[in-house]
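Working notes, beginning with the structure itself.
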Amino acid sequence: MKLTRKDKGELFAEAIVTGMIVYFFYLGSEIVFKQVLFYAFPNLKETIWGLKLATNIYSFKNYALFFVGLLTIIVIIWRLKRRIKQMQLNHIIEDLHYIAQGHYEHRIPFALKGDMGKVVESIHTLVSSTVDAMEEERAIEKSKDELITNVSHDIRTPLTSIIGYLGLIEDKQYKNEEELLAYTHVAYLKAKQMSLLVEDLFEYTKVRQRSTPLTITKFNLVQLLEQLEVEFQMDAEQKGVTFNLEVSDLEIFIEADAEKLVRVFNNLLSNALKYGKDATLLEIKAQKFDEQVMISVSNNGAAIPENSLKMLFERFYRVETSRSTETGGTGLGLAIAQSIVELHDGTIHAQSNEKKTAFIIYLPIKSKEILKN
Ligand code: ATP
Ligand code: MG
């Protein structure tokens, strides 16, 4: 602890006062001692402290002075130590008041030993965890606000179109039946887009909760991927993309929620086809390790910019170009995929360079959840 000038002054005064008290005590005891001795030996003339000892080298008084001096030093040190402890306590109380007034970044600025040190350490831990909790709370609040803003924005856009086109029909502002059908068609598409958003949003809030129940079964992942290959083959061919499935084993049995994983792969595959600009190759690889399986979905074509790569898994995030080309997604697909993978205690990440863009998933082969069936 750093002592202030005031502290130092107080300590100095304390030392002087203590020294004086001990000195007065010494004088008092000398007088009492003299009185008692004169009373016992009435014909004694010499002063008592000056009584010569047999050795004649040191006077008794010198011994007494030495002893009293030592005692004074010990008493002063003891009193000062107590005083310093008291000062530390006062400083701690002052600092605590300061922290309690909202200066949560402030810390008690000195290291202490012993119990007091432990108390200060506990206080620091308490303050840090309170600050963390408050920040977390604030982040959740902010993310809720963002969610509402994004949802309202994404709902408002198609809704405005629907109202616009239905308004035209209502006011009979169409030339013929063909135009009428065109207007209803647009309104229908926009309504479908809205319904998709609501469904995605519902799914997203559901899988985001850690407590979401999974329907775990043991199934052959290779078979599931083969089914997906069949489903996406046509789409890929139409876009001039070659679809490849490569597996390390003929059968890879894993314990997982098959339906939810299909949701993940569906999004990764449709993303690859939708956003893989100039892509000619779409590839799924599955590789079995001791306790986990790695599945990668990759495509060649234009790379995802480095700074977008980090944000891909954030809800509503869409790389700017895909937003402007109106490819129609909500930006929730990867956020949902990440939540689903994490519910399975797995990980998902994206890599992208000029050669290929890959989404890589690691899943444990055995689930921690109880097997249904
Ligand atoms: P949704 O999946 O909800 O319909 P979305 O596809 O836009 O909407 P995500 O699946 O979360 O949302 O993808 C987020 C963004 O990541 C996409 O908008 C796209 O910009 C980018 N992206 C995803 N996969 C690829 C890919 N293979 N190549 C290039 N960009 C991609
Ligand atoms: Mg998507």
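Read the figures in this text as sums done on the coordinates, not as results from a lab. This is a predicted model, so every value here is computed, not measured. Methodologically, a virtual Cβ is constructed for each residue, glycine included, from the backbone with ideal geometry; neighbour enumeration extends over all protein chains shown.
Listing for the model above:
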read-out: Calculated FRET value between L112 and R5, using beta carbons and R₀ = 25 Å, to 0.05; value: 0.70
read-out: L65/A133 FRET efficiency (R0 56 Å; Cβ-Cβ; nearest 0.05); value: 0.35
read-out: V198/D278 FRET efficiency (R0 45 Å; Cβ-Cβ; nearest 0.05); value: 0.85
read-out: Projected label distance in nm at S248 and Q287, using a 7 Å step from Cα toward the beta-carbon; value: 0.6
read-out: For the range 217-372, alpha-carbon Rg relative to the globular expectation (2.2 N^0.38 Å, N residues); value: 1.01
read-out: Dipole of the chain, positive direction: furthest Cα of I295, Q193, I148, with charges on the beta-carbon; value: I148
read-out: The chain: relative contact order as a whole-number percent, Cα under 8 Å and 6+ apart; value: 12
read-out: Listed peptides 272-284, 133-145 by packing density, highest first (mean Cβ within 10 Å); value: 272-284, 133-145
read-out: Spacing of the two label points (7 Å from each Cα toward its C-beta) at M20 and L180, in nm; value: 11.1
read-out: Net charge contributed by nearby residues that have their C-beta within less than 15 Å of M294 (K/R +1, D/E -1); value: -4
read-out: Under 23 Å from K172, Cα to Cα: lysines that are on another chain or at least 8 residues apart; value: K190
read-out: Dimensionless Rg/Rh of the chain - Kirkwood Rh, Rg from C-alpha atoms; value: 1.42
read-out: Enclosed volume per residue, in Å³, of the convex hull spanned by Cα atoms of the range 90-144; value: 66
read-out: Long pairs among K218/K277; K142/K310; K239/K355, criterion Cα-Cα beyond 25 Å; value: K218/K277
read-out: Mean Cβ count within 10 Å, highest first, over the residues of peptides 2-10, 169-177; value: 2-10, 169-177
read-out: Value of [θ]222 nm, deg cm²/dmol, for the chain, DSSP H segments ≥ 4, -39500 (n - 2.57) each, nearest 500; value: -21000 deg cm²/dmol
read-out: Highest average packing first - 255-262, 149-156, Cβ atoms within 10 Å; value: 255-262, 149-156
read-out: Distance-filtered residues of the range 251-276 - backbone nitrogen under 17 Å, label point 7 angstrom along V319 Cα→Cβ; value: 267-276
read-out: Likely footprinting exposure, V22, V241, fewest C-beta neighbours within 10 Å first; value: V22, V241
read-out: Relative contact order [Cα under 8 Å, 6+ residues apart], the range 180-289, whole percent; value: 31
read-out: 5 angstrom amide H check on I252, placed H, neighbours 5+ away; value: L221, V222, Q223
read-out: Rg to Rh quotient for the range 129-207, alpha carbon positions, Kirkwood Rh; value: 1.28
read-out: Under the Karplus curve 6.51 cos²θ - 1.76 cosθ + 1.60, θ = phi - 60°, whole-Hz ³J(HN,Hα) for the range 293-310, x wherever Gly or Pro sits; value: 10, 10, 10, 10, 10, 9, 9, 8, x, 4, 7, 8, x, 3, 6, 6, 4, 6
read-out: Long-range HN-HN contacts of N244 with modeled amide H, under 5 Å; value: L282, E283, I284
